[in-house]
Amino acid sequence: MPIHGFQTLTLLDYPGYTAATVFLGGCNFRCPFCQNAGLVLHPEKEPVIAEEDVLAFLKKRRRVLDGVCITGGEPTLAPKLPSLIRSIKELGYLVKLDTNGTHPAVVRRLAEEKLIDYVAMDIKSSREHYDRLAGSSSEKLLSAVEETAAFLMNGSLDYEFRTTVVRELHEEEDFEKIRDWLAGCKRYYLQAYKDSEHILKPDSYSSYSREELEHFAGILRKKIPLVEIRGID
Ligand code: SF4
C-alpha cells in the first residue's frame, strides 16, 4: 500500500505518547483550508515510502516509541489499511487513527478487531455548514460523519473530536450547534488554523485569536466537559 510520508517522531500527535506518523494519500473531502493539498489532490505525484521500510524502522524503535499515528489524506479510504495496521500492531504498538469520519464501517471494523486504540475524528463544523468546510455537499457523507461520531460516543474506544477553526469559515453559532450535536462527548479540541505553503486554497484564511478561541471553547464547555485549545500561544 502506498505510504506517502513517514514522520519518525512526534510528541504532539498522539496525546500522552511518543509516536511515529504514517501518511496515506487521497481524500473524499476537499476542505479548502486543508494543509496537505498534495496528498489530497495528487497522491500519485507524492513520493512513496516502502511499507517494509516503515515496518523495519518501527521494529527497531519498539523500545523508544509507544505508538503510531495513521493519518492522511483520509486513511479509511485505503483498502489495505487493516493489513497495514495489523502489521504495526504485531510489533506491539498502540495505533491512533485520524479520520474525517466518512467511513463508519471501517472504523467499526478496526475497533472490533482491536486494531486501533485511539481515534481523532475531525468535526469540520456544525452540520448546517459542513459543506462549506468539507468542500462537499454530499448528504450521504454528512450522515456517515454523524454515524461515526455516534459510534465513538456510544462505544468504549478512546477518542477525541477536533475542529480546525478558521476565521473566514466558522462563526459563533457553529459552536453552539456543535455543542448541542455532540453534547456529552469525551474530549474536544479546537485547533487554531495555521497558514502554510501546502494549503488547498492558499492566501485565503486566517486564525481567530487565543481569546476568541477561548470564547468558542466556553460555548462548547456548557455541554462538553473537556474542551482544550491547540496550536496557538
Ligand atoms: S483536511 Fe482532512 S478531510 Fe479535509 S481535505 Fe484535508 S485530508 Fe481531507
TODO: Might you let me know whether region 123-140 holds any residue that is of a type in the set (Ser, Thr, Tyr) and open to solvent by 30 Å² or more (accessible area, probe 1.4 Å)?
DONE: yes
- [ ] Determine if region 169-183 includes at least one residue that is under 24 Å from Arg108 (Cα atoms), in a loop (DSSP other than H, G, I, E, B) and more than 16 Å from the chain's Cα centre (by Cα).
- [x] yes
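Looking only at residues in region 158-167 that are over 17 Å from Ala183 (Cβ atoms) and surrounded by 19 or more Cβ atoms within 10 Å (Cβ to Cβ), which one is nearest to the ligand (Cβ to nearest atom)? So that I can check it myself, show each step before the final result.
First pass over region 158-167, keeping only residues over 17 Å from Ala183 (Cβ atoms): 158, 164-167.
Those still in the list that are surrounded by 19 or more Cβ atoms within 10 Å (Cβ to Cβ) too: 164-166.
Details: Thr164: 7, Val165: 13, Val166: 11 Å.
Among those that are over 17 Å from Ala183 (Cβ atoms) and surrounded by 19 or more Cβ atoms within 10 Å (Cβ to Cβ), it is Thr164.
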Task: Qualifying positions in region 143-157 - open to solvent by 40 Å² or more (accessible area, probe 1.4 Å) and either without any contact (Cβ under 8 Å) to a residue 24 or more places away in the chain or assigned to a helix (DSSP H, G or I) (or both) - done: Ser143, Glu146, Glu147, Ala150, Phe151, Met153, Asn154, Ser156
Task: Output for region 192-209, where each listed residue is open to solvent by 40 Å² or more (accessible area, probe 1.4 Å) and closer than 17 Å to Arg162 by Cβ - done: Lys194
TODO: Return a yes/no flag: does region 17-28 have any residue that is touching a residue at least 40 places away in the same chain (Cβ under 8 Å), assigned to a helix (DSSP H, G or I), in contact with a Pro (Cβ under 8 Å, 6 or more places away or on another chain) and closer than 19 Å to Ser196 by Cβ.
DONE: no
- [ ] Of all residues in region 5-41, count the ones that are open to solvent by 30 Å² or more (accessible area, probe 1.4 Å), more than 12 Å from the ligand (Cβ to nearest atom) and touching a helix residue (DSSP H, G or I) at 6+ places or on another chain (Cβ under 9 Å).
- [x] 2
- [ ] Collect the residues in region 95-110 that are of a type outside the set (Val, Ile, Thr), open to solvent by less than 20 Å² (accessible area, probe 1.4 Å) and not in a strand (DSSP E or B), keeping them in residue-number order.
- [x] Asn100, Gly101, Pro104, Leu110
- [ ] Please specify each residue of region 131-157 satisfying the condition of being under 24 Å from Tyr208 (Cα atoms) and either away from the ligand (no atom under 15 Å from the Cβ) or among the basic types (Lys, Arg) (or both).
- [x] Arg132
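The values are calculated or read from the model by the stated rules, or taken from the named source; none is laboratory data. Because the structure is a prediction, the values reported are computed rather than measured. Methodologically, a virtual Cβ is constructed for each residue, glycine included, from the backbone with ideal geometry; neighbour enumeration extends over all protein chains shown. Remember, those area values only see protein heavy atoms, side chains included, never the ligands or the DNA or RNA. Shrake-Rupley method; radii C 1.70, N 1.55, O 1.52, S 1.80 Å.
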